[in-house]
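Here the structure comes first, spelled out in structure tokens, and everything after it is commentary.
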Amino acid sequence: MRLATVAVLVPDYDEGIGFFTGALGFTLLEDTAQGDAKRWVRLGAPGGGSEVLLARAATPGQQAALGNQHGGRVGFFLETDDFAASHARMQDRGVTFEEVPRHEAYGTVAVFRDPWGNRWDLIERA
């Protein structure tokens, strides 16, 4: 078995596609209408790995969870082989980091938030 896909709640599919393809450089893999304003939207990171499925927050409970899918903890981990280049590119594309990059035993890391408030780590493994 392998983890194939991780869902990220977004308020709007096109807004989500814009962030992931524009700011993070992901590739839009699929965007299929499913009726009732629901779409199957899959994105892939430039280096591969698990895919992201955009899930439009349609109910009040889902809307309340926007930006807090992991209770305020970092819930998504984006790995890179070149932290400095990825960090600079993301900043140039409007991504705001919560901290300056720091060096930990496991690698170089900095926390950023997506436009909805979910916390992510950008990591280059040691």
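The values are calculated or read from the model by the stated rules, or taken from the named source; none is laboratory data. Being a predicted model, the structure only gives us computed values, none of them experimental. Here the Cβ is made from the backbone with ideal geometry for all residues, glycine too, and neighbour counts use every protein chain on show. Side chains are part of the model used for accessible areas, which takes the heavy atoms of the whole protein and leaves out ligands, DNA and RNA. Shrake-Rupley method; radii C 1.70, N 1.55, O 1.52, S 1.80 Å.
What residues have an amide H closer than 5 Å to that of Thr80, excluding those fewer than 5 places away on the same chain, when H is modeled at 1.01 Å from N in the peptide plane?
Close amide H contacts, sequence-distant or interchain: Ile123, Glu124, Arg125.
In debye, nearest 20, what is the charge dipole magnitude of segment 79-118 about its Cα centre with +1 on Lys and Arg Cβ and -1 on Asp and Glu Cβ, if you could check?
Here segment 79-118 has a charge dipole of around 140 debye.
Mind giving me the FRET efficiency for Thr96 and Gln62? R0 is 22 Å, r the Cβ-Cβ distance, nearest 0.05 is fine.
For R0 = 22 Å, the calculated efficiency reads 0.35.
For the chain, give the magnitude of the charge dipole about the Cα centre (Cβ charges: +1 Lys/Arg, -1 Asp/Glu; no others), in debye to the nearest 20.
With Lys and Arg at +1 and Asp and Glu at -1, about 260 debye.
Quick one: angle between helix 83-92 and the longest Cα principal axis of the chain, in degrees between 0 and 90, rounded to 10, please.
Approximately 50 degrees, to the nearest ten.
Where both partners of a DSSP beta bridge lie in the chain, what percent of those bridges are antiparallel, to the nearest 5?
About 65 percent, rounded to the nearest 5.
Just to confirm, what accessible area per residue do you get for the chain at 1.4 Å probe, in whole Å²?
56
Hey, rough spin-label estimate for Leu3 and Leu29, points 7 angstrom out along Cα→Cβ, what's it come to in nanometres?
1.4
Carbon and sulfur atoms: what percent of the 1.4 Å accessible area of segment 11-126 do they account for?
Accessible surface attributable to carbon and sulfur in segment 11-126 totals 48 percent.
Calculate, in nm to one decimal, what Arg73 and Ser50 gain on full extension: separation in residues at 0.36 nm each, minus their alpha carbon distance.
Taking Arg73 through Ser50 to full extension adds about 6.3 nm, to one decimal.
Give me the dipole magnitude in Debye, nearest 20, for segment 1-73 about the Cα centre, with unit charges on the beta carbon: positive for Lys and Arg, negative for Asp and Glu.
260
Given a Förster distance of 22 angstrom, what is the FRET efficiency for Trp40 paired with Asp12, based on the Cβ-Cβ distance and rounded to 0.05?
Calculated value: 0.90.
Taking GluC sites (Glu not before Pro) as exposed when DSSP calls them loop (any state but H, G, I, E, B) and at most 11 other Cβ atoms lie within 10 Å, what is the longest stretch of the chain free of them, the sites themselves excluded?
Looking at the chain, 1-97 is the longest stretch - no exposed GluC sites (Glu not before Pro) with at most 11 other Cβ atoms within 10 Å.
Considering the Cα positions of segment 1-86, please state its Rg to one decimal place and its Dmax as a whole number of Å.
In Å, with Rg to one decimal and Dmax whole: 13.5, 43.
Considering the dipole of the chain built from charges on the beta carbon (Lys and Arg +1, Asp and Glu -1) around the Cα centre, which of Gln62, Ser86, Phe20 is farthest to its positive end?
Selected residue: Gln62.
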